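Everything on this sheet refers to the single structure shown next.
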Amino acid sequence: MDYEKLERRARLRDRTRKTLVYALLVFWAVLVLFPFYWMLLTSVKSYGSYNSEFIPRLYTLTPTLENYLSAFQAVPLGRYLVNTVVFTLATTALMLVVTVLAAFAFARLNFPGKDLAFTAFLSLMMIPAELVVITNFVTITDLNLRNTFAGLILPSVTSVFYIYLLKENFAQIPDELYYAAKVDGTSDLKYLWKVMIPICQPTIVTVTILKVIECWNSFVWPRLITDDANYFLVSNGIQEIRENGFGRENVPAMMAAVVAISIPLVVLFLIFHKKIMAGVARGGTKG
Amino acid sequence: MDNRSWKGWLYLLPALCFLGAFLVYPLMDVFIYSVEEGYNSASQTYFGVGLYNFSYVLHDTYFLQALKNTFILVIITVPLSTGIALLISAALASVRKLRELFQTVFFLPYVTNTLAVGLVFMILFKKTPYSDGLMNLLLGLFGAGPVDFIDGPYWAKMFVLCFYTVWVVMPFKILILTSALASVSQTYYNAARVDGTGRLRMFTKITLPMISPSIFYLVITGFIGAFKAYSDAVALFGTDLNAAGMNTIVGYVYDMLYGNSGGYPSYASAAAIVLFVIVLTITCINLLVSRKHVHYV
C-alpha cells in the first residue's frame, strides 16, 4: 500500500471540493450583488454617456452626481422620502404601543376568557391580506380617508405575529419579579414600563426593525389608497417615476432615485444585520 | 376572580379595535361582497344574491390568463428556489472561512425594496433602441440572438419573472435552511464517519431527514407566497399587467378593485376567494404529503 499516494489523492479531492464550494458561493454572491453594483454604476453615468453606450460598460471613468440632482429636482423624490419616513415612524410607533399592551395582557394578566381570546388571536394569523384588503379599501374610501396619512397608517398597524412573538418573550420573565413589584405597590403599567420592556428590549428592537422594513417597502396598500402624488410612498414614487417620470427614458436619473430610496434600508441592514437575520429566522416571512 | 380581573381586556382593547376593524370585519364582509350580484360601488346597491360573480370571474379571459401565469410561476419557482437554497446552504455549512460574510451578503435582497430592485432587473433585461441590454450581450456571447425580455415573447417575460422571483425569495430560504443545518447534532456525523459513510450518503440519510421539517415549512410558505405574487410582476412589467399579459391572480384582484378597470369589489372578492380556496387546497395537500415524508424529532 502506498499511503503517500492515497493521502495525496484524498487531499486533492478535498481541495477540488473546496474550490467548487467556494466557486458556487462566489457565483451566488455576484448574482446577489450585481444589481446593486449596476444601479450604483448607472446612477453616476451621465445621461449622454449612458445612451451612447450600445454595449453597456461595466465601469465609468467620469462619475457625475448630476443624476441625483435631477432625481430630487425633476420629480418630488424628497417628498416621497419624507412621506415614507412619516408613515414608517407613525405606523411602527402605534404598532409598538398596541402590541406591547396586548402581549402584556396575554403574558402577565389574568382575566376571564384569556385562553379563548389568545386562540382567536392566533387563528387571525392565517387570514391572508388579499382577502381583507378589498373591504378595507371600501372602508377607507367611505370614511373619506383616501390620500391621507390616517388612511395609510391605520390598516397597517396591527401584526398578530408580533404580539405572539412578544408575548412568548414576556412570559419568560419569572413571576417572582412581578410579585415583588406588587408588594412594593408598583402598578401594572409601571411594572411593564420599568421591568418588562427593559428586560425584553432585544425582542422589541427586532420587532421594530422588521416593522420598519415592512413599512418602508409596502406597496400594495399605498397604491390602492393614494392617487395624489403628494402622499406617495417610495415604492409608489418609483413606479410613478418609471411610468411618467423624467420625460424620455432617463435611466441614470431613475437609478439615482432607486439608490436614494435603497440606501436607508441598506444602512439599517449593515448596522443591525445580526438582529434582523435572527428575527426573521424566528418566523418572519416577507410581507 | 379579583377585582382587577377585567383590566386585562383594557390592555387588549387597542389591539381588538384594530384587528376587529381591519381584519375580522373585512374577512366576513368579503364573503358578503362576493355573492352580491351587480354591486354598484357608487350607489351601493345590488340586484340579488347568487354565484354570478364567481361565474363571471372564472369565465374572464384576463382571470384565466392570470391563473395560468400564477400556476406556471408557482410550479417553476417553488422547487427551483428550494433546491438552489438547499445547495447554497449546504455549501455554506461546509465552509468556515468567510461564512458570515457570505451569509450577510446572501441576505441583502430581503431588506431591499422589491419595486426599486425590480427596476434594475428591468434595465438589465430590456432591449431598447439604444442598446440591447446587458443580458442580451451575455446571450450574444453564446451566439443567441437578442430577445426583448420585457416587451417580447411570453416565455422570455415568464423567464425574467421567475428569475426575479427566485432572486427575491432566496434570502429567506437560505437563512432558514442554514439555521436548520447548524442545528443538526455533530454526533450523527461522527457516528457515520466511524462507519466510513460517504458524503452523499451522509447528506441523504442524515442531513435531509433531520432538516425535513424546515424544508417542508419552506415549501408551504413558498407555495403560499408564490400564489400571491404581484409586486415582482409590477416591478418588471409596469402597473398595466393585463396589457403585458403577465397578470397574476392578486394583480387581477387589485385591478378589479381599483385603477382603470376597477370599481368592481364584488368581482375582486370572488377572485380573492378563488385564490384563497386554491391556496388552502394546495396547503392541505402539502400537509398530507408531509405526513409521510417529514421526520419530526
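What follows is calculated from the coordinates using simple rules that are stated; it is not laboratory data. It should be emphasised that the depicted structure is a prediction, and the values quoted were computed from it without experimental measurement. Cβ atoms come from the backbone with ideal geometry, glycine included; neighbour counts cover every protein chain shown.
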task: Name the residue farthest towards the positive end of the dipole of segment A:158-278 from the options A:230, A:160, A:212, assuming +1 on Cβ of Lys and Arg, -1 on Cβ of Asp and Glu, about the Cα centre.
output: A:212
task: Rank B:56, B:25, B:264 by mean-square fluctuation in a GNM of chain B with C-alpha springs under 10 angstrom and give only the top-ranked residue.
output: B:25
query: Taking chain B as a Gaussian network, where each spring joins two C-alpha atoms under 10 Å apart, which residue of B:204, B:82, B:61 fluctuates the most?
result: B:204
query: What list of ³J(HN,Hα) values in whole Hz, one per residue of segment A:170-176 in order, does the Karplus curve 6.51 cos²θ - 1.76 cosθ + 1.60 (θ = phi - 60°) give from phi, with Gly and Pro shown as x?
result: 4, 5, 7, 6, x, 4, 4
In order through segment A:114-121: 3J(HN,Hα) via Karplus (6.51 cos²θ - 1.76 cosθ + 1.60), integer Hz, x for Gly, Pro: 5, 4, 4, 4, 5, 4, 4, 4
task: Place a +1 charge on the Cβ of each Lys and Arg in segment A:76-281 and a -1 charge on the Cβ of each Asp and Glu, then give the dipole magnitude about the Cα centre in debye, rounded to the nearest 20.
output: 360
field: Cα-Cα over 28 Å, subset of A:274/B:68; A:167/A:275; A:18/A:45
entry: A:274/B:68; A:18/A:45
statement: Heads up, segment A:3-66 by the C-alpha gyration tensor (a ≥ b ≥ c square roots of eigenvalues; a/c under 1.5 rounded, else a/b over b/c prolate, else oblate) looks prolate
- prompt: So, with +1 on the Cβ of K and R and -1 on the Cβ of D and E, and no other charges, what is the size of the charge dipole of segment A:3-66 about its Cα centre, to the nearest 20 debye?
  reply: 640
statement: Given backbone amide H placed at 1.01 Å from N, residues whose amide H is under 5 Å from that of residue B:37, ignoring those fewer than 5 places away on the same chain, are B:47, B:48, B:49, B:50
query: Considering the dipole of the protein assembly as shown built from charges on the beta carbon (Lys and Arg +1, Asp and Glu -1) around the Cα centre, which of B:276, A:196, B:38 is farthest to its positive end?
result: A:196
message: With θ taken as phi - 60° and the coefficients 6.51, -1.76 and 1.60, list the Karplus ³J(HN,Hα) couplings across segment B:109-116 in order, rounded to whole Hz; mark glycine and proline as x.
response: x, 4, 8, 8, 6, 4, 5, 5
- prompt: Between segment B:241-297 and segment B:56-133, what's the alpha-carbon centroid distance in Å?
  reply: 19
statement: Among B:19, B:9, B:260, the residue whose Cα sits farthest towards the positive end of the charge dipole of chain B (+1 at Cβ of Lys and Arg, -1 at Cβ of Asp and Glu, taken about the Cα centre) is B:9
- prompt: Hey, in the GNM for chain B with a 10 angstrom Cα cutoff, which one of B:238, B:251, B:145 fluctuates hardest?
  reply: B:145
message: Tell me whether segment B:149-283 comes out rounded, prolate or oblate; compute the Cα gyration tensor, take square roots of the eigenvalues as a ≥ b ≥ c, and use a/c under 1.5 as the rounded threshold.
response: prolate
message: Shape verdict for chain A, please, from the Cα gyration tensor: rounded (a/c under 1.5), prolate (a/b greater than b/c) or oblate.
response: oblate
statement: 1/(1 + (r/R0)^6) with r = Cβ-Cβ of residue B:31 and residue B:139, R0 = 45 Å, i.e. FRET efficiency to nearest 0.05, evaluates to 0.40
